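Chemist: First the structure, then my questions, so here it is.
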Amino acid sequence: DAGVTQSPTHLIKTRGQQVTLRCSPKSGHDTVSWYQQALGQGPQFIFQYYEEEERQRGNFPDRFSGHQFPNYSSELNVNALLLGDSALYLCASSLQFVRFGGRPSDTQYFGPGTRLTVL
Amino acid sequence: SQQGEEDPQALSIQEGENATMNCSYKTSINNLQWYRQNSGRGLVHLILIRSNEREKHSGRLRVTLDTSKKSSSLLITASRAADTASYFCATAIFNTGFQKLVFGTGTRLLVSP
């Protein structure tokens, strides 16, 4: 059973550039959430996607955008990079919709993260 | 912004000792979860406790939740060097049927052989 995967592992960009990070959720999961973790801090919620729509958004500027594909995988895009965007970007997957009864999973499973460095 | 704070920020113990970490939060929650993070990599889910539960056990882990005080604690018994990591509490906030996690600042645990 494949867990959450993210690519790339590391990325170095310069100020003003644009970056795209990718995430494949755990098998059977339909919801993807993105978090930003600055050095020495706890992760902060960026946004969440379900059924290819953004469902919740944290306190992040419009430079941060995302997308979810029909296979539930997701991308995080950051435009006009700033030095302060340097962080570990974490993707988490969960199950929102459960067929034939049951209940959504409360647990979010995290990928290994993408370390973004902006110079 | 962080939901709450964890205490202590750093904890150093010897193998075999118990480690206790505390977490405080600010708003009403649906559940509270504890995660472990090794060397700045991905988060590993440890245990979830719902708002109507007071205590939960999983192996060497014991979690308590006091919703009246908006606080939780994580106890790791008989610690091992492999337990060295950062530990985060995360409160689950529901909005229109969707859950997001709001993390604390974390406790860095060092277990020495």
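The values are calculated or read from the model by the stated rules, or taken from the named source; none is laboratory data. What you are looking at is a predicted structure, and each value in this text was computed from that prediction instead of being measured. Please note: Cβ atoms are built from the backbone with ideal geometry, for glycine as well, and neighbour counts cover all protein chains shown. Side chains are part of the model used for accessible areas, which takes the heavy atoms of the whole protein and leaves out ligands, DNA and RNA. Shrake-Rupley method; radii C 1.70, N 1.55, O 1.52, S 1.80 Å.
Chemist: A:ARG55's amide H: which non-local residues (gap 5+, or another chain) put their own amide H closer than 5 Å, with H modeled 1.01 Å from N in plane and none for Pro or chain starts?
Modeler: It is A:GLN48, A:TYR49, A:TYR50, by chain and number.
Chemist: Looking at A:VAL118, A:VAL78, A:TYR35, which one has the Cα that reaches farthest to the positive end of the dipole of chain A (charges on Cβ: Lys, Arg +1; Asp, Glu -1)?
Modeler: Of the options given, the answer is A:VAL118.
Chemist: Show me the three semi-axes of the equivalent ellipsoid for the protein assembly as shown, from the C-alpha gyration tensor (sqrt of 5 times each eigenvalue), largest first, rounded to whole Å. Display every interim value, and only then the final one.
Modeler: Values: eigenvalues 163, 95, 52 Å².
With the √(5λ) rule applied to the protein assembly as shown, the semi-axes are 29, 22, 16 Å.
Chemist: For the pair A:ALA80 and A:THR20, how long in nm is the line joining their label points, each one 7 Å along Cα→Cβ?
Modeler: According to this spin-label approximation, the distance is 2.1 nm.
Chemist: Where in segment B:91-108 does accessible area fall by at least 40 Å² between the isolated chain and the complete protein assembly, at a 1.4 Å probe radius?
Modeler: Residues shielded by partner chains are B:PHE98, B:GLN99, B:LYS100, B:LEU101, B:PHE103.
Chemist: Return the value, in Å² to the nearest 100, of accessible area buried between chains A and B (probe 1.4 Å, both sides summed).
Modeler: 2100 Å²
Chemist: If you don't mind, there's one more thing I want to ask. Give me a single rounded figure for A:71-80: the average over its residues of other chain Cβ atoms within 10 Å of their Cβ. List each step's numbers first, then the result.
Modeler: On the way: counts 0, 0, 0, 0, 0, 0, 0, 0, 0, 0.
Mean shielding by partner chains, rounded to a whole number: 0.
Chemist: I need the calculated FRET efficiency for the pair A:ILE12 and A:LEU39, taking r as the beta carbon distance and R₀ as 22 Å, to the nearest 0.05.
Modeler: That pair, A:ILE12 with A:LEU39, gives E of 0.90.
Chemist: Another question, then. Just how many pairs of Lys in the protein assembly as shown have C-alpha atoms closer than 18 Å, counting pairs that are eight or more places apart or on different chains?
Modeler: Lysine pairs meeting the criterion: 7.
Chemist: If you place +1 on the Cβ of every Lys and Arg, -1 on the Cβ of every Asp and Glu, and leave all else neutral, what size is the dipole of segment B:5-112 about its Cα centre, to the nearest 20 Debye?
Modeler: 280 debye
Chemist: Can you list which of the GluC sites (Glu not before Pro) found in segment A:1-64 are DSSP loop residues with at most 14 other C-beta atoms within 10 Å?
Modeler: A:GLU51, A:GLU52
Chemist: Quick one: if the Förster radius is 30 Å, what FRET efficiency do B:LEU61 and A:ARG57 give, using the C-beta to C-beta distance and rounding to 0.05?
Modeler: Efficiency computed from Cβ-Cβ geometry: 0.40.
Chemist: Further question on the same structure: Counting only heavy atoms of the protein chains, get the accessible area per residue of segment B:5-112 (1.4 Å probe) and round it to a whole Å² value.
Modeler: About 46 Å² of surface per residue is accessible.
Chemist: Just the number, please: carbon plus sulfur as a percent of the accessible area of chain A, 1.4 Å probe, no ligands or DNA/RNA counted.
Modeler: 50 percent
Chemist: Based on the Cα atoms of chain B, what semi-axes does the equivalent ellipsoid have, where each is the square root of 5 times one gyration tensor eigenvalue, given in whole Å with the largest first? Before the final figure, lay out the partial values.
Modeler: Values: eigenvalues 113, 42, 29 Å².
Each semi-axis is the square root of five times an eigenvalue, giving 24, 14, 12 Å.
Chemist: If you put +1 on each Lys and Arg Cβ and -1 on each Asp and Glu Cβ, how big is the dipole of segment B:45-91 around its Cα centre, in Debye rounded to 20?
Modeler: I would put it at about 60 debye.
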